[in-house]
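Below you'll find the structure, written out as structure tokens, and then a few comments.
Nothing in this text is a laboratory measurement; each read-out follows from the coordinates by a stated rule. Worth saying up front: this structure is predicted, and the values here are computed from it rather than measured. Here the Cβ is made from the backbone with ideal geometry for all residues, glycine too, and neighbour counts use every protein chain on show.
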Ligand code: PEP
């Protein structure tokens, strides 16, 4: 089952419009058009409109970092998926920053996933356990609850399009500290695909793209990408540096090209 490699840059609450535009320019100089890789940039809400006019669409797609589930109404301060529908291809939903700092519940995230799909935007659903949950042996239960609730209002056909990023919270932005071991990650990803297969069938599970996120950098990206069942990476801090991010893309491209032409590497 071949699924296109996906590399997502989450710029979080960094970079003003000018800085975001400069970063896109620098990335564009370094990144070629890759048929086997999809590169998605998630700048702040403010930069989406100007970047949508600047990006080379053969190289990049845009993602929101979040949006509100109602299509319109008296929700001061919010932006809806309906407003974003012509600007972005994807939206990150349920990022741990939203769950932790903004107390987003499983049900709110479910409603956001449904609203994104209703508006033709592909959700990049983030799931993952805290350190305490991990130590208490609750990882599977947490992932189960996050995945099944978030997808519960979608049809099997909708779910085929969804991207799920496994991002253990204890491994996010901890470059000097703990990072997920490939084995932990493999188990968690296998479990996510198993859950989807149980609920919606193997055919659907085989189509869903699974990403890993958590302090990925240019040195270890390939080790994560090589893990069975991993279709890409969601990159935070390292995506703000054009040398590092373009090196991550280059290592994914090298890996894909070696897979396409194994004999050349003998
Ligand atoms: C993220 O923002 O989802 C993330 C994984 O960040 P970092 O790469 O900095 O850990």
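A few comments on the model shown:
- Near-label residues of the range 41-58 by backbone N, under 19 Å of a point 7 Å along Cα→Cβ of residue 32: 56-58
- Solution diffusion estimate, µm²/s, Stokes-Einstein, the chain, Kirkwood Rh from C-alpha pairs, 37 °C, viscosity 0.692 mPa s: 176
- Residue 102 paired with residue 4, simple spin-label distance in nm, labels 7 Å along Cα-to-beta-carbon: 2.7
- Relative contact order [Cα under 8 Å, 6+ residues apart], the range 91-196, whole percent: 29
- For the chain, share of DSSP beta bridges that run antiparallel, in % to the nearest 5: 0
- Extended-chain gain in nm, criterion 0.36 nm per residue less alpha-carbon gap, residue 174 and residue 87: 28.1 nm
- Residues considered: 109, 227, 169. Largest GNM mean-square fluctuation over the chain, using C-alpha springs under 10 Å, is found at 227.
- Largest GNM mean-square fluctuation across 81, 69, 194, computed for the chain with C-alpha springs under 10 Å, falls on 194.
- Extension gain, residue 14 to residue 227, is 73.7 nm, computed as 0.36 nm per intervening residue step minus the present C-alpha separation.
- Computed per residue of the chain from DSSP H runs no shorter than four, each worth -39500 (n - 2.57), the mean residue ellipticity at 222 nm is -13000 deg cm²/dmol.
- Most mobile listed residue (31, 248, 93) in the chain, GNM with C-alpha springs under 10 Å: 31
- The chain: relative contact order in percent, alpha carbon pairs under 8 Å with at least 6 residues between: 19
- Three-way shape call for the range 153-266 based on the alpha-carbon gyration tensor, with the a/c threshold at 1.5: oblate
- Alpha carbon centroid spacing (whole Å) that separates the range 1-64 from the range 101-169: 23
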